[in-house]
Structures are given as C-alpha cells and as structure tokens.
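Enquirer: Below: one structure in structure tokens.
A short reminder: the numbers here are calculations on the coordinates, not readings from a lab. For clarity, every value in this text was computed on a predicted model and none was experimentally measured. Glycine also receives a Cβ, built like all others from the backbone with ideal geometry; neighbour counts cover every protein chain displayed.
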Amino acid sequence: MFGNFLKSLLASDPAPLPQDQAKIAMAALLVRVAKSDGNFDDQEQAQIDQVLAQRYGLDPAATAALRHDGETLEQEAPDTVRFTRALKEAVAYDDRQAIVQSMWSVALADDQRDATEDALIRMVSSLLGVSDVDSAKARHAAQSK
C-alpha cells in the first residue's frame, strides 16, 4: 500500500513530503513511539488521535483513518534510523520540533515514563536534528498540557 511512498521517502535525496504524506509519516512515527514499550494501549491511541486532530484540524473519522494509515506505514517502514533520517530531510526544523513534542505527549499519555520510550525519543530527536535543549523544551511543554 505504501511502497511508492516509502521508496520516495528513502531516496538518497528525498523531496519535501506532500502534505498528505507528511501527515501519515507523522502518524507512523507517533505509533512507533507508542509501541516502543510493548504496550499500545487506548490512552496512547487517544493521545495520537488528539495530536493528529489538533495538528491537522480533523474530525474523528478522518483522525481514526489517519492513525490507521500511520499504523500500517509503521509496520511497513524500515528501521527507525532510516525512517527518521528521511523525515529530517523532508520536514522543516520547526515541524520537527513539533513532532518531538508530539512524541513526548504520546509517551507520557499513560502517566508513566518508560526508559524504552525515552531512549527512542532521544534517538529520534537527534536523528531529526532537534537539539537536546529543544527536545527538553518539547518534553516540558508536553508535560504541562
């Protein structure tokens, strides 16, 4: 289903993502964070839905469809390093900072800090080119919401 999308995303010089593909990539990354602790529960799914709905102005049906597409892409996407590096090349810095904040909000949705989720977010933040300072700010912003 996402073969051509992944092929273009993983090209040696990826072009900026069209808006519809950027939305799916964002959803897939949030799903990957949520699944990283081995528990993809209702709270995390609801938080992903909230992030997607707010970020893109979606109704509940469109939000659920986008998360479903993100779940599918997450399963088909290569390892996190290659996937995230491709996003870095295709997404502006401000948007990458917002992605980091969204990842933190998903990881914290169950009110528990998990070392696996923390490690994945730290790695993804770095791969996205988001500084440690900006990642920490994103975590604090996510915690205060």
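Enquirer: Per residue and in Å³, how big is the convex hull formed by the alpha-carbon atoms of the stretch 18-144?
Expert: 95
Enquirer: Same structure, new question: Suppose every K and R has +1 on its Cβ and every D and E has -1 on its Cβ; what is the size of the dipole of the chain about the Cα centre, in Debye to the nearest 20? Each step should come with its number before you reach the end.
Expert: On the way: 15 positive and 23 negative charges, 89 e Å.
Roughly 420 debye, rounded to the nearest 20.
Enquirer: Projected onto the charge dipole of the chain (+1 at Lys/Arg Cβ, -1 at Asp/Glu Cβ, origin at the Cα centre), which of Ala115, Tyr93, Phe83 gives the Cα projection farthest towards the positive end?
Expert: Of the options given, the answer is Tyr93.
Enquirer: What number, rounded to the nearest 500 deg cm²/dmol, is the helix-based mean residue ellipticity at 222 nm of the chain, given -39500 (n - 2.57) per DSSP H run of at least four residues and division by all its residues?
Expert: For the chain, the value works out to -24000 deg cm²/dmol.
Enquirer: Gaussian network model of the chain, Cα springs within a sub-10 Å range: biggest mean-square fluctuation belongs to which of Val133, Val100, Val81?
Expert: Val133
Enquirer: Here's another thing I want to ask about it. Ranking request for peptides 114-125, 53-64: highest mean number of other beta-carbon atoms within 10 Å first, then the rest in descending order.
Expert: Ranked from most to least packed, the peptides come out as 114-125, 53-64.
Enquirer: Taking the Cα centroid of the stretch 87-101 and of the stretch 26-45, what is the distance between the two, rounded to the nearest whole Å?
Expert: What the calculation gives is 18 Å, centre to centre.
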